[in-house]
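Here is the structure we will look at.
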Amino acid sequence: MDDKTLVFRTLHEAAPGPKWRSLFDAHWSAYGAWYLAEGERERPGYLACLNALRRHMPELLDTYRTLCDLAGGGDLASRFLSLYQPPPYITGCSQAVLARPGATLLARNYDYPPELCEGSILYTRWNGRGVIAMSDCLWGVLDGMNDRGLAVSLAFGGRKAVGEGFGAPVILRYLLEFCDSVPEAAEVLARVPTHMAYNITVADAAGRYVTAMIGPDRRASIRRVPVATNHQKRIEWYAHALASETLIREGQLSILVDDEATSEARLEAAFSAPPLFRHDYRRGLGTIYSAFYRPGEGRVRYRWPGLDLDLGFDHFPEEAITVRYGVRERFGS
């Protein structure tokens, strides 16, 4: 058995500063190589990136410029940080909302190669709202919540379409920085273009929720659906659907959330066991963390096998957690 290792770090910095710069220094080499993997000509120029942000998410511009300056003001880093038309990438992921009177839980598993995950959990206050989020691309969001009671999570949409638009992590950052409720978030998801297919699940403290199925080649489908895995309405990429077991996971989640007897503890336990928790690290489809957001309480629990990390807007210690993922060797006759 070989092991893959990932170090998760919690960082608390209200305004972008030296801690964010240290994050950039630690990860820029890998991110820069990924960004140029298809060749520099495949990535848009700086002005195209800036103009796209100005047109679609203008409120983010001040934060974007601050981060670009902290990163040294270079052309390549600034283009990368815009997350406008980045290289496509594929994840697994399961997510579900359990809305009960007086309590909302957004649960998710993130399935991805451990060696490609940033592992940064950031608590920031960049635009007046406290935000706790699992970071991607140094300021994007894989999942997170804000102190107004909004929680978000993304999953790959299971389609090969690629086009003009933003990587979903920067769209989720925009939601948490400037939206307070599901209706506000839904309006953003309906209008901001994305470069590939994603399923975005959003929930708030009032018990509202939607899943937005977005992509570059069709209008967003935003419905009051509490579960999402890795397909959009129907299977379009059969090989990925089979490998990721997206239909099996969706079925399990639907049974759980539709059952009025399902408690938060039962849902959390289900995310820690197959078929929702996956051990397929060899193909990059293993679960590398679970997250359970309670936006009404301002609390989140991150979970790895044998370890829970409970954080909140009133409790956010800075620490490093090393997680090892076993890769099972397969021997055939």
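The values are calculated or read from the model by the stated rules, or taken from the named source; none is laboratory data. Remember, it's a predicted structure, so these values are computed and weren't measured experimentally. Glycine also receives a Cβ, built like all others from the backbone with ideal geometry; neighbour counts cover every protein chain displayed. Accessible surface is based on the protein model in full, side chains and every heavy atom, while ligands, DNA and RNA are left aside. Shrake-Rupley method; radii C 1.70, N 1.55, O 1.52, S 1.80 Å.
List the residues whose amide H sits under 5 Å from the amide H of residue 141, counting only those 5 or more places along or on another chain, with H placed 1.01 Å from N in the peptide plane.
136, 170, 172, 173
Once amide H atoms are built 1.01 Å from N in the peptide plane, which residues 5 or more positions from residue 120, or in another chain, come under 5 Å H to H?
Correct list: 9, 135.
Can you compute 3J(HN,Hα) from phi for each residue in region 238-246, using the Karplus curve 6.51 cos²θ - 1.76 cosθ + 1.60 with θ = phi - 60°, rounded to whole Hz and x for Gly and Pro?
With the stated coefficients, region 238-246 comes to 5, 4, 5, 4, 5, 5, 8, 6, 4 Hz.
With a 10 Å cut-off between alpha carbons and a GNM built on the chain, which of 181, 290, 22 moves the most?
Evaluated over the chain, the most mobile residue of the options is 22.
State whether region 144-273 is rounded, prolate or oblate according to the following rule on the C-alpha gyration tensor (a ≥ b ≥ c being the square roots of its eigenvalues): a/c under 1.5 gives rounded; otherwise a/b larger than b/c gives prolate, and the remaining case gives oblate.
It comes out oblate by the Cα gyration axes.
Keeping all protein chains in position, work out how much accessible area residue 28 exposes to a 1.4 Å probe, and write it in Å² to the nearest 10.
Accessible surface of residue 28 is approximately 60 Å².
Which order do 122, 11 take when ranked by solvent-accessible area (1.4 Å probe, heavy atoms of all protein chains), largest first?
11, 122
Based on DSSP H runs of at least 4 residues, each adding -39500 (n - 2.57), what is the mean residue ellipticity at 222 nm of the chain after dividing by all its residues, to the nearest 500 deg cm²/dmol?
-8500 deg cm²/dmol
Answer rounded, prolate or oblate for region 1-99, using the Cα gyration tensor with square roots of eigenvalues a ≥ b ≥ c: rounded when a/c is under 1.5, else prolate when a/b is larger than b/c, else oblate.
rounded
Put 260, 318, 268 in order of accessible area, largest first, 1.4 Å probe: what do you get?
Of 260, 318, 268, the descending order of accessible area is 260, 318, 268.
Hey, how many Å between the Cα centroid of region 73-130 and the Cα centroid of region 270-323?
Using only Cα atoms, the two centres lie 13 Å from each other.
Just the accessible area for residue 94, please: 1.4 Å probe, Å², rounded to the nearest 10?
Roughly 0 Å² of residue 94 is accessible to a 1.4 Å probe.
What ³J(HN,Hα) values, in whole Hz, does the Karplus curve 6.51 cos²θ - 1.76 cosθ + 1.60 give for region 116-125 when θ = phi - 60°, with x put for Gly and Pro?
Once rounded to whole Hz, the list reads 9, 8, 5, x, 9, 10, 10, 10, 10, 9.
So in the chain, what percent of DSSP beta bridges are antiparallel if you round to the nearest 5?
Given both bridge residues lie in the chain, the antiparallel proportion sits at roughly 95 percent.
Which whole-angstrom value gives the distance between the alpha carbon centres of region 23-42 and region 160-185?
Answer, in whole Å: 22.
Specify the residue with the greatest mean-square fluctuation among 209, 174, 89, computed from a Gaussian network of the chain linking alpha-carbon atoms under 10 Å apart.
89
Using the Cα centre of region 138-249 as origin and beta-carbon charges of +1 (Lys, Arg) and -1 (Asp, Glu), tell me which of 179, 168, 213 is placed farthest towards the positive end of the dipole.
213
Place a +1 charge on the Cβ of each Lys and Arg in region 125-165 and a -1 charge on the Cβ of each Asp and Glu, then give the dipole magnitude about the Cα centre in debye, rounded to the nearest 20.
So the magnitude is around 80 debye.
When the chain is treated as a GNM, springs tying every alpha-carbon pair under 10 Å, which of 323, 152, 131 comes out with the largest mean-square fluctuation?
323
In whole Hz, what ³J(HN,Hα) sequence does region 142-149 give by Karplus (6.51, -1.76, 1.60; θ = phi - 60°), x for Gly and Pro?
7, 7, x, 8, 10, 7, 8, x
Could you tell me which of rounded, prolate or oblate describes region 255-303, using a ≥ b ≥ c as the square roots of the eigenvalues of the alpha-carbon gyration tensor, with rounded for a/c under 1.5 and, failing that, prolate when a/b is larger than b/c and oblate otherwise?
Oblate, because a/c is 1.5 or more while a/b does not exceed b/c.
Size of the dipole of the chain about the Cα centre, Lys and Arg at +1 and Asp and Glu at -1 on the beta carbon, nothing else charged, in debye to 20?
660
How do 136, 147, 314 rank by accessible surface area computed with a 1.4 Å probe, from largest to smallest?
Ranked from most to least accessible, the order is 314, 147, 136.
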